[in-house]
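The values are calculated or read from the model by the stated rules, or taken from the named source; none is laboratory data. All of these numbers come straight from a predicted model, not from anything done at the bench. Cβ: placed from backbone, ideal geometry, glycine included. Neighbour counts: every protein chain shown. Each accessible area value is taken on the protein alone, full model and side chains, heavy atoms only, with ligands, DNA and RNA left out. Shrake-Rupley method; radii C 1.70, N 1.55, O 1.52, S 1.80 Å.
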Amino acid sequence: MKILLIEDEAKLSNYLRKGLGEAGYSVEVADNGVDGLHMALQGSHDLLILDAMLPGIDGFSLLAALRKSRQTPVLMLTARVSVEDRVLGLQTGADDYLVKPFAFSELCARIEVLLRRARDTGESARPTQLRLADLEMDLLRRRVSRAGQRIELTAKEFQLLMLFMRRQGEVLSRTQLAELVWDMNFDSETNVVEVAIRRLRSKMDVPFAKALLHTVRGMGYVMEDRAP
Ligand code: CA
């Protein structure tokens, strides 16, 4: 899960980056509103942690600009506790609010809630049929076929393939896969990801003429239909 942290207080920012990193999130940091907005619009973050008072563009204006094109969940941090500010933030499109100073455990709990909510509502708005070349996935019937041939997958293999199919062309690292499919922090001692990828390939790639799941050396894996 990728988090963009927009916070100008270096001490707090470093503390949060370290803590969230240890909690298994991948964290990008901006220390002003201009860079923050640019990164939020360019990147693909699962969540934004946004300080209200920022140099450049303040948090409220940043959020208003972001909401014109992005629905990324936003957790706002503020030192100000007035009801007006809170209302303004929520009207502008913040999903939740945390007043400084806050406990790190509370921040983590709020993040989890927002991510879960985004996941739940996101699923229903997404297509239930995924396709790449001659590979088809029916998410409702939990069916996979390639060149019209039915492929039997385990639950984890199905989940793994679904992730690749939804994020076609995007390189996914072993750390990301471990996090997203197994819900665990990546431990270099375990080869659970490699083993699952090998099994998946033996079913959906090896028996067919063309490979769709590719290894990107030192980076991870990508699903795409490459020219022969
Ligand atoms: Ca600030």
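Annotation for segment 5-22: no member residue is of a type in the set (Val, Ile, Thr), in contact (Cβ under 8 Å) with a residue 12 or more places away in the chain and within 28 Å of residue 182 (Cα to Cα). Pick from segment 1-17 the residues that are over 22 Å from residue 69 (Cα atoms) and open to solvent by less than 50 Å² (accessible area, probe 1.4 Å): which of them is farthest from the ligand (Cβ to nearest atom)? Residue satisfying both the conditions and the ranking: 16. Listed by first and then second residue, the pairs with beta-carbon distance under 7 Å, at least 6 apart or on different chains, first residue in segment 48-70 and of a type in the set (Phe, Trp, Tyr), second more than 12 Å from the ligand (Cβ to nearest atom) and open to solvent by 50 Å² or more (accessible area, probe 1.4 Å), are 60/88.
Restricting 66, 20, 48 to residues that are under 20 Å from the mean Cα position of the chain (by Cα), under 16 Å from residue 92 (Cβ atoms), buried (at least 16 other Cβ atoms within 10 Å of the Cβ) and away from the ligand (no atom under 15 Å from the Cβ) narrows the list to 66. Criterion first (open to solvent by 50 Å² or more (accessible area, probe 1.4 Å), at pLDDT below 90 and of a type in the set (Val, Ile, Thr)) does residue 99 satisfy it? Taking the combined requirement at face value, the residue does not satisfy it. Can you say whether residue 125 is open to solvent by 20 Å² or more (accessible area, probe 1.4 Å), modelled with pLDDT under 95 and closer than 17 Å to residue 199 by Cβ, as far as the supplied structure shows? Spelling it out, it is not the case that residue 125 is open to solvent by 20 Å² or more (accessible area, probe 1.4 Å), modelled with pLDDT under 95 and closer than 17 Å to residue 199 by Cβ. For segment 146-164, which positions are within 23 Å of the chain's Cα centre (by Cα) and exposed (fewer than 14 other Cβ atoms within 10 Å of the Cβ)? Within segment 146-164, 155 is the sole residue that qualifies. Just to be sure before I move on: is residue 91 surrounded by fewer than 12 Cβ atoms within 10 Å (Cβ to Cβ) and at pLDDT 90 or above in the structure I sent? Taking the combined requirement at face value, the residue does not satisfy it.
Number of residues in segment 31-45 that are crowded, with 19+ Cβ neighbours inside 10 Å and within 12 Å of the ligand (Cβ to nearest atom): the value is 2. Of the strands (runs of 3 or more DSSP E) entirely within segment 144-228, those holding at least 1 residues that are under 18 Å from residue 129 (Cβ atoms) occupy 149-151, 220-223. Residue 179 satisfies every condition listed in (1) open to solvent by 40 Å² or more (accessible area, probe 1.4 Å); (2) under 18 Å from the mean Cα position of the chain (by Cα); (3) farther than 17 Å from residue 223 by Cα; (4) of a type outside the set (A, V, I, L, M, F, W, C) except (1). On inspection, residue 54 does not qualify as away from the ligand (no atom under 12 Å from the Cβ) and modelled with pLDDT of 85 or more. Taken over segment 30-45, the criterion of being within 20 Å of the chain's Cα centre (by Cα) and aliphatic (A, V, I, L, M) is satisfied by 30, 37, 39, 40, 41.
Being without any contact (Cβ under 8 Å) to a residue 12 or more places away in the chain and surrounded by fewer than 17 Cβ atoms within 10 Å (Cβ to Cβ) narrows it down to one of 167, 119, 142, so name that one.
Numbers: 167 fails: without any contact (Cβ under 8 Å) to a residue 12 or more places away in the chain; 142 fails: without any contact (Cβ under 8 Å) to a residue 12 or more places away in the chain.
Exactly one residue qualifies, and that residue is 119.
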